[in-house]
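Data block below; observations after.
The values are calculated or read from the model by the stated rules, or taken from the named source; none is laboratory data. Computed from a prediction, not measured in an experiment: that's the story for all the values here. Cβ atoms come from the backbone with ideal geometry, glycine included; neighbour counts cover every protein chain shown.
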DNA sequence: ATAGGGTTAG
């Protein structure tokens, strides 16, 4: 039994299933562990099969199914499950709020939260985090400001996860002071707290403070992760700190054993390129094209599209640098990749056109603008046909 | 015992 739970938790569903099939005395916990295991590994079909077969379900089972549909983006099915729950508890509400938020329905998530409170269901940490996350998405400061009271009431004002979500919300909604304040009042700051605030400071143009915070994080003995370093490198990029950028990149790989992801490469290309080290930036890409292409942190839910988008970030950074420094040769190479990766992004044509213009290559610049127009024309009639039909 | 949550994205 303990083995099944272990395998299911790790997503090793073939092993878990073997043991489960041989099991004599299954109970609601082993059934639910299987359902949740399938749902978490993205196999919602198998999860649903077992869910339908199982003789007894409990609130954990229902919640796992909602989250499973949420994870694969099927909000309709998640709502169906939610509506069928015989006795809906706070966890089911929390899963539904989260499901809406994660799929871009921030307003629905907030409405769901309000409905829950109207029925006197108590908010818990998870529903609060879902609410905060939704408020962050649409910049609902008013709702965000009411969260402090909710926290008192649900007695999770000391939850690090809730506080981390609040740091992010304040930062994204423009209140860096709010983020700093939330951070200051935390009892136990973890890697996410530091990473969120480092990123926030970097985004707000306060690179030195971001790097100071990184030093303090190390003094406090909190181990940085790959997200932390994206923030740190972003700070270097905004402040034009080439030497420091190189130093942190090496520190990340050599001391902390973190293999650089496409985001890290994009930051480095940006740092080097802005400073005029365009050849070096280009070499960084070509030397690591295997890593950048496949992505080292490819999670199971990372789609092909996501990778291509990320790869675009690297070439996009190079193209931007080529424009600043007027490098036609590498600008053409970067643009060529971008035209393939994201042909619909007209900004890339404009950037290359601008590079040509700076080099007095008017004909080439005109050719780019023409290509851009053709793409715009190809796109819009297609759209209006679709919308005219319904 | 089994579930749901926070930090990267130019």
(Q) Name the single residue that is farthest from residue A:254 (Cα to Cα) among those in the range A:204-213 being at pLDDT 95 or above and over 21 Å from the mean Cα position of the chain (by Cα). (A) A:206
Q: For the range A:90-207, please list each of the helices (runs of 4 or more DSSP H) lying entirely inside it that holds at least 3 residues being within 13 Å of DNA strand B (Cβ to nearest atom).
A: A:90-102, A:106-118, A:125-138, A:147-153, A:160-172, A:176-184, A:191-203
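Just to be sure before I move on: is residue A:79 modelled with pLDDT of 95 or more and within 11 Å of DNA strand B (Cβ to nearest atom) in the structure I sent? Steps first, please.
Values: modelled with pLDDT of 95 or more: yes; within 11 Å of DNA strand B (Cβ to nearest atom): no.
Criteria not met by residue A:79.
How about the range A:61-73: which of its residues are within 9 Å of DNA strand B (Cβ to nearest atom) and either within 14 Å of residue A:93 (Cβ to Cβ) or surrounded by fewer than 17 Cβ atoms within 10 Å (Cβ to Cβ) (or both)? If you could, list the steps in order and put the result at the bottom.
Taking the range A:61-73 as the starting set, the residues that turn out to be within 9 Å of DNA strand B (Cβ to nearest atom) are A:61-64, A:66-68, A:70-71.
Residues satisfying the conditions are A:62, A:63, A:66, A:67, A:70.
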Q. For residue A:289, which of the numbered conditions (1) at pLDDT 80 or above; (2) surrounded by 15 or more Cβ atoms within 10 Å (Cβ to Cβ) fails to hold?
A. (2)
Q. In the range A:8-28, what count of residues is obtained for those that are within 11 Å of DNA strand B (Cβ to nearest atom), in a helix (DSSP H, G or I) and farther than 13 Å from residue A:50 by Cβ?
A. 2
**Q.** Lone unmet requirement of (1) assigned to a helix (DSSP H, G or I); (2) under 24 Å from the mean Cα position of the chain (by Cα); (3) at pLDDT below 95 for residue A:42
**A.** (1)
